[in-house]
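Visitor: Here it is, the structure, as structure tokens.
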Amino acid sequence: MKKSIAVTPLRKGFALILTFIIVQLLVQLNIINDYLQATIATIGINIILAVSLNLITGFTGQFSLGHAGFMSIGAYACALTVMRVPTVWGFLTGLLLGAVLAALVGFLVGLSTLRLKGDYLAIATLGMSEIIRIIFTNLDITNGAAGLSGIPRFTNWTYLYLFMVSAILLISNFLKSSHGRACISIREDEIAAEAMGINTTKYKVTAFTIGAFCAGVAGALYAAYFYYIDPNTFGFLKSIDVLVIVVLGGLGSVSGSVLAAILLAVISTILQDFSDLRMVIYALLLIIIMIFRPQGLMGSKELSLKAFRNLGGFLSSRKGGK
């Protein structure tokens, strides 16, 4: 038993390192061209956004539509920092600053919307996101509606993979802890959780803070990769895009959010050749998936090596039976 427990983290670590090395080699050999690199960057950023929103909405049960606002804080903070200090340390400082500022706003939002639930909370967080967008639109330092251009690119596969894996591990380990269990209990029945002595205020604010922190990281990575940002980049539709990934992957499944982010990016890439009908086909595919799989791709389950072994054993037993 001890051996299997020790081997599993080693296997996961080996798989993570192997994935990084393979993609890095493909990039260096130019097998993955600039367009595919941009797609991979989008996938990585969306994964960070999706797993962090899933913590708030899927696991804690707080229906939030303000993730684009948190992302914009990280993006602008990092962009303004790296444009003044165009070095790796400037990039990392801007990323940390953006994440901390986003977490601070997430803390304040979580604290001020404690008594709101469901649609009311969604409207409040959407309003917060729009307020942030309007502030950036009217500030001189952010160049207003024209946005910031010529942002030095520092986001590469190494930084993207590092922060993406870190966000997944942070949220996964948080959910496995007693704090994560408390968040899940709030989602299931907040009144019962309070009756059992769980400080619902503390855990809802914690979920908002961690989710906003990760969204700030995603925004910083976005700004330092795509050269240009403007307030409309982080509008209402961006929050909806992230919510679609979370719902499609499964509310309450971290690996579901990862799979959904990859799947939607692949579908969008394939449909690039059908520019006139791309969004129509994209919407129809989403509708079909949600009709036949309303709980999402993974529901509330997680991918694991054990699940693959069980599936392999099931398939082999079926063949043996035949």
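The values are calculated or read from the model by the stated rules, or taken from the named source; none is laboratory data. It should be emphasised that the depicted structure is a prediction, and the values quoted were computed from it without experimental measurement. Ideal geometry is used to build each Cβ from the backbone, glycine not excepted, and the neighbour counts take in all protein chains shown. Ligands, DNA and RNA are stripped out before the accessible areas are found, and what is left, the full protein with its side chains, is counted by its heavy atoms. Shrake-Rupley method; radii C 1.70, N 1.55, O 1.52, S 1.80 Å.
Visitor: Could you pull out the residue among Gly180, Gly250 that is open to solvent by less than 30 Å² (accessible area, probe 1.4 Å) and within 15 Å of the chain's Cα centre (by Cα)?
Guide: Answer to the selection: Gly250.
Visitor: Right, next: Looking only at region 275-313, filter to residues that are aromatic (Phe, Trp, Tyr) and either surrounded by 10 or more Cβ atoms within 10 Å (Cβ to Cβ) or not in a helix (DSSP H, G or I) (or both); which one of those is modelled with the highest pLDDT? So that I can check it myself, show each step before the final result.
Guide: Residues of region 275-313 that are aromatic (Phe, Trp, Tyr), as a first pass: 282, 292, 308.
Filter once more, so that each one left must be either surrounded by 10 or more Cβ atoms within 10 Å (Cβ to Cβ) or not in a helix (DSSP H, G or I) (or both): 282, 308.
Details: Tyr282: 76, Phe308: 46.
Among those that are aromatic (Phe, Trp, Tyr) and either surrounded by 10 or more Cβ atoms within 10 Å (Cβ to Cβ) or not in a helix (DSSP H, G or I) (or both), it is Tyr282.
Visitor: Filter region 10-45 for residues that are under 18 Å from the mean Cα position of the chain (by Cα) and of a type in the set (Gly, Ala, Ser); which is nearest to Gly256 (Cα to Cα)?
Guide: The residue in question is Gly44.
Visitor: Further, regarding this structure: Return the residues of region 24-82 that are in a helix (DSSP H, G or I), of a type outside the set (Val, Ile, Thr) and open to solvent by 20 Å² or more (accessible area, probe 1.4 Å); say none if nothing qualifies.
Guide: Residues satisfying the conditions are Gln24, Leu25, Leu26, Gln28, Asp34, Tyr35, Leu36, Gln37, Ala38, Asn46, Leu80.
Visitor: Restricting attention to region 242-255, report how many residues are in contact (Cβ under 8 Å) with a residue 60 or more places away in the chain and assigned to a helix (DSSP H, G or I).
Guide: Looking only at that region, the number is 6.
Visitor: Let me ask something else. Select from region 143-177 the residues that are over 19 Å from Ile229 (Cα atoms), of a type in the set (Ser, Thr, Tyr) and within 17 Å of the chain's Cα centre (by Cα) and list them in ascending order.
Guide: Scanning region 143-177 gives Tyr159, Tyr161, Ser166, Ser172.
Visitor: So which residues in region 152-201 are outside any helix (DSSP H, G or I) and closer than 30 Å to Gln28 by Cα?
Guide: Those that are outside any helix (DSSP H, G or I) and closer than 30 Å to Gln28 by Cα: Pro152, Arg153, Phe154, Thr155, Asn156.
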